Structure formats: structure tokens, C-alpha cells
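These notes are about the structure you will find just below.
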Amino acid sequence: MGIKLDGLRKVFQTSDLTVEAVRDVSAEIQDHEFVSIIGPSGCGKSTLLRLVSGLLPPTEGTVYLDDVPVVGPAGNIGFVFQSPTLLKWRTVFKNVMFPYEVLASQKNVSASKADFETRAHELLKMAGLDEFTDAYPKQLSGGMQQRVSICRALIHDPELLLMDEPFGALDEFTREFMNEELLRIWGETKKTVIFVTHHIPEAVFLSDRILVMSRRPGTILGEVVVDLPRPRLPEMRETVEFLEQVVATRHLIGLGAGDVPPEEVPTL
Amino acid sequence: MTATDVAQAESAAPQIGEKSGRIRRFTDPLLFAAILVFGWQVAIWVTGFHPVVLPPPSRVFDILSNQGDFLVDNMLTTLWTIGWGFLIGGVFGLVSGILINYIPPVRRAIYPILVALYVIPKAVFIPLFILWWGAGLQYKLWVTSLLAFFPVTENTITGLQGVDREMVELTQSLQGSQFFTFRKISLPFAMPFVLAGLRIGLTEAFIGGVLSEIIVPSTGIGSRIVEAAAFSNTEFIIAAIMVVAAFGVVAYFGFLWLERKITFWY
Amino acid sequence: MVLKNAAGEQLPSSRLTNIRHRLWNSKELLLTLTAIVLAWIVVVDVRNFHPIVLPPPSSVADALIENPGSYASAGFITFYEMLLGFAAGGTLGFVSAIGIFYSPFLRRSLYPLLLGFRIVPKVAFVPLFLVWFGIGVGVKVALAAFAIFFLVLVQTLLGLTGVEPELVELGRSLKMREFDILRRIRLPAALPAIMVGVKLGITYALTNVVVAEMVVATNGLGFLVVEARSLVKTDEMIAAIFVVAFIGLVIYGIGTAIERRVIFWYFENS
């Protein structure tokens with residue numbers, strides 16, 4: 001799915017405050033691309049994801065999915081959040097099947113329930129979780145729950161995958177492992193992915209391109225094209241080329257060796 | 001509990017005395033109660049002093065065994081009121097909680113009044129209720145259901161409010177309807193809170209049931225307690241209180257057990 | 001303060017705080033209250049309620065205005081009894097809780113008993129206390145104190161046992177004596193739980209005092225209510241009920257204000 005962002009602006013208004021979260025964001029993302037968005041806390045990355053998915057209407061500008069302007073949530077997007085956000089009262093399998101139920105309630109399904117169930121089993125197997133199909137979320141570790149969350153995001157075969165700092169809560173070892181798992185799963189399904197993160201090496205390892213956002217109000221400062229070969233292997237993290245990409249990104253953000261550190265943005 | 005937790009718990013406990021074992025958690029309370037009762041009995045035997053104020057355990061046990069049926073009968077009468085009051089108050093509380101949560105104008109209009117009423121001693125309405133409905137079952141039902149209503153409403157609202165925002169977003173992104181979100185997400189999520197609210201409501205109904213009988217004695221164990229007080233029959237009163245306590249505890253922990261079973265995931 | 005997430009929706013916890021914040025500002029509330037009063041007037045008129053059953057608001061107001069002294073003095077008595085009971089029961093409960101906390105045996109034996117006892121309607125003890133204390137101020141204060149005692153005890157114990165171990169370890173590492181650890185670490189950390197007990201306790205004390213007054217029937221607001229009923233003066237009864245309600249609200253407000261001052265650090269959103 002090709003995505004085009006055209007002059008997006010989003011302002012939040014309450015009786016107490018006016019907050020401009022996102023200003024003048026324009027970008028183009030190709031079909032099957034893996035794009036990361038990186039930026040400081042509170043810069044509007046999450047808002048941007050919600051604008052793309054249609055959950056929030058923009059104050060100005062338009063989002064185009066495959067050249068069609070977005071007017072609301074379309075149901076063909078997968079969403080993974082920072083916390084696994086599983087339904088604790090359902091088994092792993094039923095959690096993965098959740099999107100099917102939602103779509104079915106709106107009579108919006110393209111395949112039969114059995115098809116979905118097969119797919120659920122396949123996804124869980126691919127994620128290495130087939131032994132836990134009937135387990136409950138509280139029996140799983142954080143990393144495993146997040147994997148379930150990813151399966152859930154893929155079950156309805158969306159063309160676009162939006163991931164909002166999905167590995168933020170994990171420790172470094174698990175994070176690196178999950179990165180590799182994610183690439184493996186992505187490699188087999190080749191969706192368009194927009195991946196929001198704080199973590200520069202993660203962004204470099206995973207993406208084709210990295211978009212760098214400024215502090216609030218968020219706007220695109222620039223992009224880094226990650227010129228590393230695919231498939232990405234763990235060893236690549238230790239190569240000079242990898243480090244060069246990381247450095248390039250850091251400079252763009254303002255974390256470079258000679259730069260003045262950006263001021264701390266107080267987050268709401 | 002991990003090894004780290006155990007280590008920390010031990011280092012953080014006040015550094016006095018013994019380690020604890022799992023068995024002792026059960027035996028210690030019984031041991032303590034037994035010591036108390038036994039000690040009091042011995043004190044009376046030894047001194048021969050038989051105060052009306054606090055009769056010896058032996059007398060209380062006498063009453064429990066001789067008039068046990070009588071006590072339980074009356075307790076069951078009270079339980080009838082409590083049960084129905086709880087049901088009525090609970091149902092209304094649930095419905096109100098849902099309505100208040102989902103209809104903003106209703107919430108803005110009524111919720112403050114609810115909070116205010118929650119804070120006011122509702123027992124003060126009892127004489128008014130007696131005036132309106134006489135001193136029979138009807139007034140007692142009003143008291144118990146009113147008392148049960150508030151915690152149920154309050155907790156239902158809290159439960160529905162606390163739903164994971166991202167889960168709702170997920171459902172919305174798949175074009176799920178509001179009703180679907182309510183049925184499949186909000187309701188199960190709110191369950192632990194709703195059940196806790198019902199449990200508190202049950203306790204309140206208990207209080208209301210006994211209270212309404214004390215203020216205007218008619219039937220039920222509260223009335224019997226008041227009668228016994230007129231004769232300074234403290235043995236009976238204490239026995240009756242024990243019966244009430246027993247039923248209350250059973251009801252409470254029974255409900256708790258039910259709660260744990262239903263919301264096993266919490 | 002309103003917290004919103006990036007998607008523009010209010011975060012649940014702040015929504016609740018916000019509701020409470022807007023509590024007294026909502027137009028709908030004013031509307032509803034006015035509607036209730038109006039409905040009251042209309043219903044009394046239309047359904048021709050006998051003034052004994054439901055007097056019109058005007059006569060209730062009259063009752064209050066004509067005789068403010070009796071309501072005020074009764075109110076003071078009730079308030080005073082409540083305060084005494086709260087002070088006595090609260091202090092005792094607090095101190096006992098600390099004692100129980102430091103004895104593992106007591107902690108283990110009493111905690112479940114206390115939990116069970118909490119469920120027992122303390123009002124069932126009113127007749128017992130009547131026998132013990134006779135008619136007078138003693139009964140009411142005793143009942144309130146009795147009820148508060150358990151509440152504060154359980155809450156304090158809860159708070160103390162819930163202190164994060166790391167905090168205590170910090171104190172130990174600085175070679176603090178146990179008494180200092182108690183004073184400077186455990187108790188402050190336990191304050192939120194204790195405050196819950198205090199807030200609930202104040203309201204609970206009021207309820208118990210009023211109930212005791214209704215049964216013992218010598219003085220106080222509870223007595224006024226019951227007396228008005230026996231004299232079949234419904235307007236005075238309702239007036240007394242309003243005064244009780246008013247005191248209840250004031251007390252709750254005071255409790256909340258105290259809570260906010262004492263543990264201002266606990267509330268993330270305010």
C-alpha cells in the first residue's frame with residue numbers, strides 16, 4: 001500500500017489548552033517499504049500514526065492510502081502498540097482472532113472463519129508461539145505477549161502495519177531478538193510498515209528509510225536512507241556501515257558529536 | 001513471587017522475631033482467638049466475678065446451643081430482606097452505572113448528586129422511610145436497596161471508565177461499533193470492578209438490613225437484639241452478633257470466591 | 001488538569017479526576033437540582049400530598065428558618081460527638097496498628113480476624129453499647145470510636161505492609177534505627193492508605209453517631225429526626241435530614257482537603 005501525507009497538521013483543543021501536535025508533515029511511502037519514524041518524546045509520532053490510520057481527523061492536510069483520501073478508519077490496517085494490550089480474559093488464540101470478530105460484526109470479512117483460524121494458527125507458529133495457543137496472557141512474558149500482539153495485527157492480512165514503539169518496554173536482549181523476529185515475519189509477508197521508535201540502532205536495523213521528526217510541533221526534519229543489504233543479519237549491527245547510518249541519523253536529530261543537545265521538551 | 005521478592009520482603013520486614021510459614025497463617029488467628037476466649041473464661045472462673053457487661057464465653061455458648069435455632073431463624077428472616085435489597089439495589093446500580101458512564105448529559109446531571117448522597121449518612125433517611133412505608137418489609141427493602149445501590153453504581157462507573165484506550169482504538173481502527181466495544185471489551189474489563197462493587201453492596205445491604213430492624217424492631221435478628229437489650233441480656237446480644245458475623249463473613253467470602261472464579265484473569 | 005493522549009482522547013484516570021473537578025461547575029447539575037425542587041413543589045401540589053407525608057419545600061425552609069438555634073445546637077452536638085469518636089477510635093486504631101505491625105504473630109493472627117470483623121455491621125452493637133454505657137453521650141462516642149477503630153486499624157496496617165521494600169532498604173543502608181525508619185519512611189509511605197481510612201472514617205463516624213442518636217434519642221441531629229417523626233412533623237424531619245446531609249458534605253470536603261494537603265505528592269494528575 002502506498003501512502004502519501006500531504007501537509008498534515010493536527011491541533012488539539014481543550015478548554016484549558018491548545019496543543020499543536022503535528023505541523024506541515026508531508027511524506028511519501030512506497031508499497032512494501034519499511035519506514036521508521038524517529039524523534040524525541042512528545043513530538044507527535046503517535047499522533048501521526050493515528051492520523052494515518054484514520055482514527056483522528058487532521059486539522060489540515062490529507063492522508064492518501066493508495067491515492068484514496070482517508071476519511072476514517074478503514075479496517076485494513078494492523079496496529080501494534082507499546083503495551084501488548086491483550087484481552088486478559090481470552091486465550092492467546094482468541095486474542096489473535098479478535099480482529100476477525102470485529103470485522104465480522106460489521107459484515108466486513110473477505111474470508112470464512114475457518115480461513116481466519118487457519119491463519120491464526122500459522123501466524124502463531126511463525127511467531128514461535130504455537131505451544132501457547134490456549135494459554136492466557138498473564139502466563140506469558142512481555143516479549144511473548146508482544147508477539148501475540150503482532151500476530152493479532154496481521155491476522156486480517158492488512159496491507160499496512162503501524163507500530164508504535166512496540167518494543168519500548170523490553171530489555172535490550174529481547175528487543176534485538178524481537179527486531180530479528182519482526183524482520184523475519186515481515187520478510188514472509190512483505191507489508192508496508194510504519195514503525196515509530198526512540199531507538200536509533202533499532203530504526204537503522206529494521207528500515208529502508210528513517211524519517212526524523214522535530215520536537216513538538218512535529219514536522220519532518222529530514223530522512224536517512226538506510227543503504228544496508230537485505231536480508232538484515234544480526235552481525236550487521238557490528239559493521240562500520242551500520243554505525244555510519246546510526247551516526248547520520250544522530251546528526252539529523254541533533255545528537256551528533258559537535259551538536260548542542262536539544263532542550264528537554266516537557267511532556268504532557 | 002521471585003527469589004528477589006522474597007529476599008526483599010524479608011529484608012524489609014521489621015527486624016524482630018520469627019520467620020513465618022504458610023501453615024501458621026491459618027493456625028495463628030485461631031490460636032489467638034482461642035487464647036482470648038480461654039483467657040477470659042479462666043479470669044471469670046478464678047475471680048468468680050460475673051459482670052453483666054461481658055458475660056463469660058460459657059454463657060454465650062449456652063445461648064448459641066440452646067437458642068441456636070431461634071437465632072438462625074431470625075437471621076434468615078433478616079437475610080431475606082438483605083438478599084432482595086441487594087438484588088434490587090444491585091440491578092439498579094448496574095443500570096445506572098452504565099447509563100451514567102455512556103450518556104454524558106446524564107452523567108453531568110446525576111453523578112454529582114450520587115457522589116453527594118454517597119457521602120451522606122443514608123441511615124438518616126430511615127425515619128422518613130418509616131413514615132412513608134410503615135414499619136414492615138417494604139421500608140426495609142427500601143433501606144437495603146438504597147444502601148446497596150451506591151457502591152454498585154460507583155464501582156460500575158469506575159470499571160467502565162478504566163478501559164484500555166488502545167484496545168478501543170484497535171477496535172475503532174477495524175470499524176467496530178460502539179456496542180461491540182462495550183460488549184467485548186468494556187464489559188469484561190469492568191467485571192472485576194463491578195463484582196467488587198456488588199460485594200461492597202452486599203455488605204452495605206447487610207448493614208441496612210440489621211440497622212432497619214434495630215431502629216424499628218419488628219422481625220429479624222436486629223429486632224431480637226433490641227429486645228434482649230431491654231432486658232440487659234448481653235449474652236444473647238453477643239451470641240446474636242456472632243451469628244450475624246458468621247453469616248456476614250460467609251456471604252462476603254463466598255462472594256469473593258465467586259468473584260475470583262469469574263474474573264480469574266485479573 | 002486534563003491529560004490527553006496523542007490521539008486526543010482523555011486518559012481514563014484523568015477523566016475521572018476531571019469529572020470530579022467539574023463536579024460543581026456543571027450546568028446540568030444546577031438544572032437537575034432546580035428540576036428536583038420544582039418537581040417537589042409540583043408533586044406536592046398536584047398529588048395533594050398530605051403535608052405529613054411530603055411537605056412542600058417552603059415549609060421545610062420555614063422549619064429551618066424559624067428555629068435555626070435548635071438545628072445548630074443539635075448539629076454541634078452531633079459534630080462534636082463525631083469528632084470525639086473519630087479522635088478516640090482513630091488514635092487507638094493507628095497506635096494499635098503499629099503495634100500489630102511489629103509483631104509477626106499478632107499480624108498473622110489478627111489480620112484475617114479483622115478483615116472478617118470489618119464485615120460485621122457495627123450497628124448491631126448499638127444495643128450492646130446501650131447496655132454498657134447507658135443513655136448519654138458515651139454511647140454515641142463509643143459506637144463511633146468502635147467503628148472508626150477497626151477502619152483505621154485495617155487501613156494503617158494495609159498501608160504499612162504495602163511499603164515498598166526498597167524504601168526500607170534505603171533506610172537500613174543509611175543505618176537508621178527502626179524507630180526512625182518507622183517515622184520517616186514507613187508511615188509517610190503508608191499515608192495514602194491511612195488517608196483513605198481517615199476520609200471514609202469521618203463519614204463513617206458521622207453515620208454511626210447519627211444512628212446512635214436515632215436509637216438513644218436524647219439529643220443531636222439523629223434525635224431531631226426521630227423526634228420529628230414521633231411528633232409527626234415531617235417538615236422538621238426533612239429539615240433535620242438536610243442539616244445532616246450538609247454536615248456530611250462539609251465533612252467530606254474537609255476530609256478531601258486534608259487528604260490533598262497531606263499527600264499532595266501522591267496524586268499524579270493534580
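Every read-out reported here was derived from the displayed coordinates using simple, explicitly stated rules and does not represent laboratory data. Bear in mind that the values here come from a model prediction, so they are computed numbers and not experimental data. Here the Cβ is made from the backbone with ideal geometry for all residues, glycine too, and neighbour counts use every protein chain on show.
For the residue pairs C:K122/C:K233; A:K45/A:K190; A:K113/B:K261; A:K45/A:K94, alpha carbon separations beyond 28 Å are given by C:K122/C:K233; A:K113/B:K261; A:K45/A:K94.
Within the listed set B:T78, B:T219, B:T203, the Gaussian network model of chain B (springs between alpha-carbon atoms below 10 Å) gives the highest mean-square fluctuation for B:T219. The modelled label-to-label distance for the pair C:A189/C:L167, using points 7 Å beyond Cα in the direction of Cβ, is 0.6 nm.
Rounded to the nearest 10 degrees, the angle from helix C:187-216 to the longest Cα principal axis of chain C is 30 degrees. For the range C:224-270, chymotrypsin sites (Phe, Trp or Tyr not before Pro) meeting the loop criterion (DSSP other than H, G, I, E, B) and having at most 16 other Cβ atoms within 10 Å: C:F267. State, as an integer percentage, the relative contact order of the range B:58-262 based on alpha-carbon contacts under 8 Å between residues 6 or more apart. Relative contact order for the range B:58-262 comes out at 31 percent. The Cβ shell under 13 Å around C:T218 holds other residues with a net charge of -2, Lys and Arg each +1, Asp and Glu each -1.
How would you classify chain B from its alpha-carbon gyration tensor, with a ≥ b ≥ c the square roots of the eigenvalues: rounded for a/c under 1.5, else prolate if a/b is greater than b/c, otherwise oblate? Oblate, since a/c reaches 1.5 and b/c is not below a/b.
Secondary-structure-derived ellipticity at 222 nm for the protein assembly as shown, considering helices only, amounts to -20500 deg cm²/dmol, per-run term -39500 (n - 2.57) for DSSP H runs with n ≥ 4. Projecting the Cα atoms of A:V193, B:L99, A:F116 onto the charge dipole of the protein assembly as shown (Cβ charges, centred on the Cα centre) puts B:L99 farthest toward the positive pole.
Here B:V53 and C:V46 are evaluated by their C-beta separation; at R0 = 45 Å the FRET efficiency comes out at 0.20. Shown here for the range A:100-130: trypsin sites (Lys or Arg not before Pro) in loop regions (DSSP other than H, G, I, E, B) with at most 16 other Cβ atoms within 10 Å, namely A:K107.
Using a ≥ b ≥ c from the Cα gyration tensor of chain C (square roots of the eigenvalues), is it rounded, prolate or oblate, where a/c under 1.5 gives rounded and otherwise the larger of a/b and b/c decides, a/b for prolate? Oblate is the answer for chain C, as a/c is 1.5 or above yet b/c matches or exceeds a/b. The long axis of helix C:137-161 is offset from the longest Cα principal axis of chain C by roughly 40 degrees. Each other residue within a Cβ distance under 11 Å of B:F255 adds +1 if Lys or Arg and -1 if Asp or Glu, for a net charge of +2. Once each of the GluC sites (Glu not before Pro) sitting in a DSSP loop with at most 13 other beta-carbon atoms within 10 Å is removed, chain A keeps A:1-262 as its longest stretch.
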